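Worksheet for the structure shown next.
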Amino acid sequence: MKRGFTIMGSAHNLKEIRVKEKQKVSRIFISSIFKDNKNYLGLNRFKLISNLSKIQIIALGGISKSNLKLVNLTKSTGIAGISYFENKKKGL
């Protein structure tokens, strides 16, 4: 970390995680844990690939109040997601 910056990266599979490790990022956003899109991993594949890295993992994609507890079953150290925070703002 230089000058107060934290270097983070995003990945969707093991190959991209290895690239981020070589880039020496301190945290990796892995997506998509819940959102069913072209990068959809699901909970089990998310857990499998995130356990293959020593870098801190942040879960991304489709996180909601109803599935937030499932993120605790992973080694994720945080969450990120536009819809989760938009819904919190609206009081949902």
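Here the chain is treated with +1 on each Lys and Arg Cβ and -1 on each Asp and Glu Cβ, and its dipole about the Cα centre works out to around 240 debye. Phi-derived couplings, Karplus 6.51 cos²θ - 1.76 cosθ + 1.60 at θ = phi - 60°, listed residue by residue for the stretch 30-46: 10, 9, 10, 6, 10, 6, 7, 9, 5, 9, 4, 9, x, 5, 5, 5, 4 Hz, with x used for Gly and Pro. Distant-in-sequence amide contacts of Phe29, defined by a placed amide H-H separation under 5 Å and a gap of 5 or more residues or a different chain, comprise Gly9, Ser10, Ala11, Ile58. Normalised by the number of residues in the chain, the mean separation of alpha-carbon contacts (under 8 Å, six or more apart) gives a relative contact order of 23 percent.
Listed options for Rg and Dmax of the Cα atoms in Å are (i) 13.3, 41; (ii) 12.7, 39; (iii) 12.5, 35. The value calculated from this structure is the one marked (i).
Any read-out appearing in this document is the output of simple, stated calculations on the displayed coordinates, not a laboratory observation. No experiment lies behind these values; they were computed from the predicted model shown. Glycine gets a Cβ as well: all are built from the backbone with ideal geometry, and neighbour counts include every protein chain shown.
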